[in-house]
Amino acid sequence: MANYEDIFKKVVSHAKEYGYVFQSSEIYDGLAAAYDYGPFGVELKNNIKNYWWKSMVNMHENIVGLDSAIFMHPTTWRASGHLDAFNDPLIDNKDSKKRYRADVLIENHISKIEAKIEKDCVKAAKRFGDDFNREEFVSTNGRVLERQKKIDEINEKMNSSLSSGNLEAVKSLVEELDIKCPVSGTNNWTDVRQFNLMFKTQMGSTADASSDLYLRPETAQGIFVNFLNVQKTARMKIPFGIAQIGKAFRNEIVARQFIFRMREFEQMEMQFFVRPGEEMKWYEYWKEFRMKWHQSLGIGEDNYRFHDHEALAHYANAATDIEFKFPFGFKELEGIHSRTDFDLKAHQEFSGKKIQYFDAEINESYVPYVVETSIGLDRMFLTILSNSFREEELENGDSRAMLKIPAVLAPLKAAILPLTKKDGMPEKAREIMKSLQTDFNCQYEEKDSIGKRYRRQDAIGTPFCITVDHQTLEDNTVTLRDRDSMNQERCSVEKLHSIISEKVNIAKYLF
Ligand code: GAP
């Protein structure tokens, strides 16, 4: 069996070969951690955005949208705490000169111990067969308990050192665990330093500090500063939410794993404003709702898990990640944060403007509390891409690479293929294309053999291929081929619209 690195490499090269994702500025040898989305990538991205927007905005009477500017007044970032606290602890290896995030080095060490626990479980499952009870095993087996104790100790040390800003203790932990640089293989480390992740730029022609601007590191602040504009103009009553999709920028120290960690990326965020004291109820609500949203795509419940934060960001009183099983392991896909009234209060203080809501039901004014859901669009894209990639051996000895993308998100819904370029087949195929393309993104393709065209559409992830042949001209039927089963059936042209619609209809997925 291929290991995860091989699989991941294949996913990345497939994404390039089939027009999903290209390295940015490739002709200049690329720019690290920046990527461009190709013809099918942009369609998949748009479909993911639509799937999120429909469920979060259109299907919630009490959530409205916003599209705020990337540039914001620089005081925004002082108020939000990003200027002081949006830092990563970095450490360099003196021999390889490579730079790392100290917390990531420690987390990777923990992952290795977790992998050992996993191995213990696999072995035990083999030994005990049907009698194996994982929960019981991990809570009683001596070796597993010891490993888990070690993980808890490391987490505890790391979190307390980070939250108290004790960078010397972080370095000591790296040394104590004997973590080595993957490049030089040595543990010759520099001290740990804080590094602010915001990109700085300047507005206008003057170079004085007052014109310093930052590229936003999260879209959320655009929502906070517009809280009253939106609440008043859309006449929203608490509890209500404001959602937006947009670019965010972070000068990540270690940006890797393709589009998983980029320096320019997109977020889909929603801030839900609630009465003080009710935030934990809504935090639980949004945890459950967002998990259901992920699972509605049908790509395997076991591929998701919650990971509650022990070390909290400067603005949060509770936080969890929805993690997805990427080819390189379970990693954060989405964050759900109870942000208290930190941001609105800070903007009130720094702007000198009152940011309060009068709650007529309880006859009280207050600064609302906030529960946020925040998902990276590019990570969601990688979730879909990596989960849908398959290489299959076929019964006839051929093989095919395919993307089993959920039909609702697939960039192309159908390919219309005349069997040959003559006898009126292209004209008939174009007529069918015209009847479908206002509702479904379709592609007309007449080059190459029909088998080759099927393979290409499988590789793009197109759920249906519609083949126009001689019989079509006689009885107005086509061959409809299903991507996943490769079954082909004869079907009348009049039925195509409803068959495709049935398969890709968003209402069939969303709950
Ligand atoms: N407003 C809250 C916030 O930004 P976060 O956990 O830092 O919280 C939210 O980010 C989501 O944004 C993450 O779960 C992830 O999906 C995505 N994200 C964060 N940094 C990213 C990066 N460098 N590249 C791609 N996606 C990123």
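Quick rundown of the values:
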| quantity | calculated |
| --- | --- |
| Cα-based helix-to-principal-axis angle, 167-176 vs the chain, degrees rounded to 10 | 70 degrees |
| Signed unit charges on C-beta, dipole axis of segment 398-509, positive-most listed residue Ala429, Ala401, Asn476 | Ala401 |
| Length gained when the stretch Ser96-Asn363 is fully extended (0.36 nm per residue, less Cα-Cα span) | 89.8 nm |
| Within the chain: Cβ-based charge dipole about Cα centre, in debye rounded to nearest 20 (Lys, Arg +1; Asp, Glu -1) | 680 debye |
| Per residue convex hull volume, Cα atoms of segment 87-196, in Å³ | 111 Å³ |
| Burial ordering of Asp67, Asp95, fewest other beta-carbon atoms within 10 Å first | Asp67, Asp95 |
| Förster-model FRET efficiency, 30 Å R0, Phe195 and Ser501, C-beta, rounded to 0.05 | 0.05 |
| Fewest-first ranking of Tyr4, Tyr28, using other Cβ atoms within 10 Å as the exposure measure | Tyr28, Tyr4 |
| For Phe389, distant residues with modelled amide H under 5 Å away | Lys404 |
| Relative packing of 100-109, 163-172, 428-437, which averages over residues the other C-beta atoms within 10 Å, highest first | 100-109, 428-437, 163-172 |
| On Cα atoms only, tilt of 39-53 relative to the major axis of the chain in degrees | 60 degrees |
| The chain: calculated mean residue ellipticity at 222 nm from DSSP helix runs of at least 4, using -39500 (n - 2.57) | -11500 deg cm²/dmol |
| Proximal aspartates and glutamates relative to Lys49, as straight alpha-carbon distance under 13 Å, when same-chain residues fewer than 8 apart are discounted | Glu266, Glu269, Asp378 |
| Relative contact order of segment 398-509, defined on C-alpha pairs under 8 angstrom at six or more residues apart (%) | 31 percent |
| Listed residues Thr186, Val11, Asn155: farthest to the positive end of the dipole of the chain (Cβ charges) | Val11 |
| Protection proxy ranking of 279-289, 82-92 - average other beta-carbon atoms within 10 Å, highest first | 82-92, 279-289 |
| Relative contact order of segment 404-469, pairs being alpha-carbon contacts under 8 Å that are 6 or more residues apart, as % | 52 percent |
| Positive-end residue, the chain charge dipole about Cα centroid, Cβ charges, pick of Gln356, Gly461, Ser172 | Gly461 |
| Charge context of Leu394, other residues only, Cβ under 12 angstrom, K/R +1, D/E -1 | -3 |
| 5 angstrom amide H check on Ser96, placed H, neighbours 5+ away | Ser184 |
| Calculated log₁₀ intensity ratio I(q)/I(0) where the Debye formula runs over C-alpha points of the chain, q = 0.09, 0.10 Å⁻¹ | -0.79, -0.95 |
| Rounded to the nearest 20 debye, dipole of segment 1-40 from Cβ charges on Lys, Arg, Asp, Glu | 120 debye |
| Column: log10 I(q)/I(0), Debye, Cα scatterers of segment 398-509, q = 0.10, 0.19, 0.24 Å⁻¹ | -0.25, -0.94, -1.48 |
| Label point distance in nm, Asp120-Tyr4, each placed 7 Å from Cα along Cα→Cβ | 1.9 nm |
| Helix 377-388 vs. the chain, principal-axis angle (Cα, 0 to 90°, nearest 10) | 50 degrees |
| Pairs beyond 20 Å (Cα-Cα), from Lys247/Lys354; Lys292/Lys508; Lys126/Lys149 | Lys247/Lys354; Lys126/Lys149 |
| Which of Ile405, Ile238 has the fewest Cβ neighbours within 10 Å, and the rest in rising order | Ile238, Ile405 |
| For segment 1-137: relative contact order, % (alpha-carbon pairs under 8 angstrom, 6 or more apart) | 9 percent |
| Antiparallel DSSP beta bridges within segment 398-509, percent to nearest 5 | 55 percent |
| Size of electric dipole in segment 87-196: Cβ of Lys, Arg +1 and of Asp, Glu -1, about Cα centre, debye, nearest 20 | 460 debye |
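Values in this text are rule-based calculations from the coordinates and carry no lab data. The structure presented is a predicted model; accordingly, all values stated were derived computationally and were not measured. Positions of Cβ are backbone-derived with ideal geometry, glycine not excepted, and every protein chain shown enters the neighbour counts.
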